[in-house]
Amino acid sequence: MVAHKRRIVTGLILGFWLLAAPPFVHAEENPTELRAKAEQGDAESQVYLGSLYATGRAMPKDDAKAAFWFRKAAEQGRADAQSHLAILYETGRGVPQSDAQAAEWLRKSADQGYAPAQNSLGWLYTTGRGVPQDDVRAAELYRKAAVQGDTGALSLLSGAYQIGRGVPRNLVLAYACLDMAFRKGLSTAPMFRDDIGKKLSPAQLQEAQTLASSWSAGAPFPSETKTWP
């Protein structure tokens with residue numbers, strides 16, 4: 001189960017690369033021009049170029065070159081590059097596998113408020129990889145990412161509420177988190193959300209649905225309910 005969840009989290013981050021790195025960053029810009037800008041030190045171009053190498057779009061896939069360009073941008077303080085480089089360290093793609101390095105770069109990114117990094121760092125705290133195992137810290141990071149509408153974090157926070165790991169057990173909030181994730185586009189959320197719903201009373205289910213429908217990314221995240229337990 002732990003390995004399966006870890007693959008899901010890693011997949012979400014790698015999937016972000018696909019969204020962040022179109023074959024041509026701008027309609028007028030091709031990879032050759034992008035490389036020229038990256039070599040001149042433009043951090044945004046370095047991130048995009050690293051993403052192209054990581055995904056194999058517009059050029060042959062090359063994890064080592066992806067890591068090279070992500071590092072260039074990460075050292076300039078780009079939170080997205082720091083997060084991408086961390087995932088390469090976590091998976092051993094293009095760099096020697098190192099949970100400690102993954103945690104270090106994720107922490108730098110998460111401290112800047114980058115939701116994917118907060119989510120991934122939370123998972124390291126859940127599993128105790130590269131950092132001391134700490135369920136409370138993990139839940140705090142999931143919540144920070146969830147507030148920004150990160151669907152992966154909403155799912156993991158739901159799991160924490162389901163079993164009371166790092167937070168008090170609360171199935172109303174567990175349902176609400178998955179309903180929020182579904183409203184944010186996570187198509188698999190209803191399968192797990194509805195299983196939780198079967199364990200709720202009509203009043204609890206109504207409260208969970210109301211919490212989810214009334215919440216929007218950036219708003220204060222619910223932490224208490226009226227009908228649970």
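The values are calculated or read from the model by the stated rules, or taken from the named source; none is laboratory data. Owing to the predicted nature of the structure, the values given are computational and were not obtained by experimental measurement. Positions of Cβ are generated from backbone atoms using ideal geometry, with glycine treated the same way; all protein chains shown enter the neighbour counts.
Which of (1) surrounded by 24 or more Cβ atoms within 10 Å (Cβ to Cβ); (2) closer than 28 Å to Gly218 by Cβ; (3) free of Cβ contacts under 8 Å to residues at least 60 places away in the same chain; (4) not aliphatic (A, V, I, L, M) does Asn119 not meet, given it meets every other one?
(3)
All but one of (1) within 17 Å of Leu156 (Cβ to Cβ); (2) surrounded by 12 or more Cβ atoms within 10 Å (Cβ to Cβ) hold for Ser213; which doesn't?
(1)
Please go through region 53-70 and give me each residue that is crowded, with 24+ Cβ neighbours inside 10 Å and either free of Cβ contacts under 8 Å to residues at least 24 places away in the same chain or not assigned by TED's automatic domain parsing to the domain that holds Gly92 (or both), ordered by number.
Tyr53
Residues Gln162, Gln118: which one is polar (S, T, N, Q), assigned to a helix (DSSP H, G or I) and not assigned by TED's automatic domain parsing to the domain that holds Leu85?
Gln162
Which of (1) within 20 Å of the chain's Cα centre (by Cα); (2) of a type outside the set (A, V, I, L, M, F, W, C); (3) surrounded by 17 or more Cβ atoms within 10 Å (Cβ to Cβ) does Thr188 not meet, given it meets every other one?
(3)
Just give me the residues in region 168-185 being at negative phi, within 17 Å of the chain's Cα centre (by Cα) and assigned to a loop (DSSP other than H, G, I, E, B), in sequence order.
If the condition is that a residue be at negative phi, within 17 Å of the chain's Cα centre (by Cα) and assigned to a loop (DSSP other than H, G, I, E, B), then Lys184 is the only one that fits.
Inspect all residues belonging to region 76-93 and state whether any of them is over 21 Å from the mean Cα position of the chain (by Cα), among the charged types (D, E, K, R) and at negative phi.
no
Report whether or not Ala146 is at pLDDT 95 or above and either in a helix (DSSP H, G or I) or surrounded by fewer than 24 Cβ atoms within 10 Å (Cβ to Cβ) (or both).
Yes, satisfied.
Given the condition modelled with pLDDT of 95 or more, farther than 18 Å from Lys144 by Cβ, out of contact with any strand residue (DSSP E or B) (no Cβ under 9 Å at 6 or more places or on another chain) and assigned to a loop (DSSP other than H, G, I, E, B), answer yes or no: does some residue in region 218-226 qualify?
Yes.
Of the residues Gly94, Gly50, which single one is part of a helix (DSSP H, G or I), buried (at least 19 other Cβ atoms within 10 Å of the Cβ) and without any contact (Cβ under 8 Å) to a residue 60 or more places away in the chain?
From the options Gly94, Gly50, the qualifying one is Gly50.
Only one residue in Ala138, Ala73, Ala86 is crowded, with 24+ Cβ neighbours inside 10 Å, farther than 28 Å from Lys184 by Cα and not assigned by TED's automatic domain parsing to the domain that holds Ala217. Which one?
On inspection, the qualifying residue turns out to be Ala73.
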